Amino acid sequence: MTTKKGLICLSIAAIVVLCTLNIATASTSNHSTTFYNNARHIDDQIPKAKGSTSNVVSNRNCVTKGIFTSSATSNGVVYIGSQDGNVYALNANTGTKMWNYTTGGWVRSSPAVANGVVYVGSWDHNVYGLDANTGTKMWSYTTGDAVHSSPTVANGVVYVGSGDHNVYALNASTGTKVWSYTTGNYVESSPAVVNGVVYVGSFDHNVYALNANTGTKMWSYTTGSWVLSSPTVVNGVVYIGSGDHNVYALNANTGTKMWSYTTGGLASYVESSPAVVNGVVYVGSDDKNVYALNANTGTKMWNYTTANIVISSPRVANGVVYVGSFDGNVYALNANTGTKMWNYTTGGPVFSSCAVANGIIYIGSFDHNVYALNANTGTKMWSYTTRDWVLSSPTIVNGIG
């Protein structure tokens, strides 16, 4: 049986090998939300109710040095965590650091921002609530293991997973535990919250639906491998990837499988989290492809092949799919055809997923940088250099408070 420590070692080895083999071949607002803009993890531009926000980490969450978290942009501020243990607030227009807060461990969790508070997890086992303007700690809650899952905030409650196998519901104002649910293994998937139900994956191979008020299990669906992908819920369907190579569509009320699509290759783990827009599911795979699937049937509409694994989760805006690849590139693809519109080459693998705001893409890279790119052309507007790799997956927040 593969232990968590053993898996971590394998992840490090895989990164070293892939870096060696592939980097040289890389091609040259008024409400709070995160990543897919809302607690459902839907990739749309619809403003949310005040105080409701969501966040997704779709990265592999490998253990190496660098920034592993998602960033959140809010009121002209980009919030992001780093492997150096810090949560940063950067000016979204210039990349200038506004503040940083130092936790006791790596910060791979992605910040969620709601009502003037930044919520984020750390390797030090804690979930933090930080003042979004100053970075001052408002509260922290200690779990039993590292917190790589990214918080989702809905109706005054913070939902997040932990390496201690639990999904937690915490009071957003105080950090007090409302409830916890124990799965069979560690939880790095980030919850989606829809209609009073929390959807989340676990390394125990299951996708869970939990009552958002009580934590009671409503149903679970067993895949063929671990579930690091985070769910997206649209029109009564839960879309999620699994380490068994498949993308799943599950009935949100019952957990019944509606369809599954198998990506290619022996190592085609689906760790990317799906984006669902206009009846199309966009998702990456370790088989190096970005896929567009019919949301109703799972039929492949197109795929675009990069030069390495795609753990980055697609972001769709204005008919364009933005996604990173381990080949070092950020890609802009036509959402209807998959045709490449442009690519920007960073100096390292891109695990990060894009945030798109006001015609700018924010994304991180293994080369230690956070980038701001013109969404239409891919031209670099600025970059902020951290002390380590940036695997962060940016998340959009359309305002605080």
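The values are calculated or read from the model by the stated rules, or taken from the named source; none is laboratory data. All values reported here derive from a predicted model rather than from experimental measurement. Backbone-built Cβ (ideal geometry, glycine too); neighbour counts: all protein chains shown.
Taking region 142-166, which residues are more than 17 Å from Val227 (Cβ to Cβ) and among the polar types (S, T, N, Q)? Across region 142-166, the qualifying residues are Thr142, Thr143, Asn155. Only residues that are part of a strand (DSSP E or B) and in contact with a Leu (Cβ under 7 Å, 6 or more places away or on another chain): list them for region 248-279, please. Across region 248-279, the qualifying residues are Lys257, Met258, Tyr261.
All conditions in (1) under 21 Å from the mean Cα position of the chain (by Cα); (2) outside any strand (DSSP E or B); (3) farther than 24 Å from Leu373 by Cα hold for Gly298, with the sole exception of (1). Across region 122-143, the qualifying residues are those that are at pLDDT below 95 and crowded, with 21+ Cβ neighbours inside 10 Å, and the one among them that is farthest from Gly81 (Cα to Cα) is Ala132. With respect to being under 21 Å from the mean Cα position of the chain (by Cα), more than 15 Å from Ile80 (Cα to Cα) and hydrophobic (A, V, I, L, M, F, W, C), Val118 falls outside the description.
Of the residues Tyr322, Tyr371, the single one that is among the aromatic types (Phe, Trp, Tyr), modelled with pLDDT of 95 or more, in a strand (DSSP E or B) and in contact with a strand residue (DSSP E or B) (Cβ under 6 Å, 6 or more places away or on another chain) is Tyr322. Residue pairs whose Cβ atoms lie under 6 Å apart, separated by 6 or more positions or on different chains, with the first residue in region 202-220 and in a strand (DSSP E or B) and the second buried (at least 17 other Cβ atoms within 10 Å of the Cβ) and among the aromatic types (Phe, Trp, Tyr), are Val207/Tyr221; Ala209/Tyr199; Ala209/Trp219; Leu210/Tyr181; Ser220/Tyr208.
Buried (at least 24 other Cβ atoms within 10 Å of the Cβ), farther than 13 Å from Val127 by Cβ and small (Gly, Ala, Ser), is that true of Ala146? No, not satisfied.
Scan region 144-165 for residues that are outside any strand (DSSP E or B) and β-branched (Val, Ile, Thr) and the total you get is 1. Scanning region 315-329 for residues that are crowded, with 23+ Cβ neighbours inside 10 Å and of a type in the set (A, V, I, L, M, F, W, C) turns up Val316, Val321, Val323, Phe326. Out of Gly163, Gly224, Gly184, one residue alone is of a type outside the set (Phe, Trp, Tyr), under 30 Å from Thr263 (Cα atoms) and out of contact with any strand residue (DSSP E or B) (no Cβ under 9 Å at 6 or more places or on another chain). It is Gly163.
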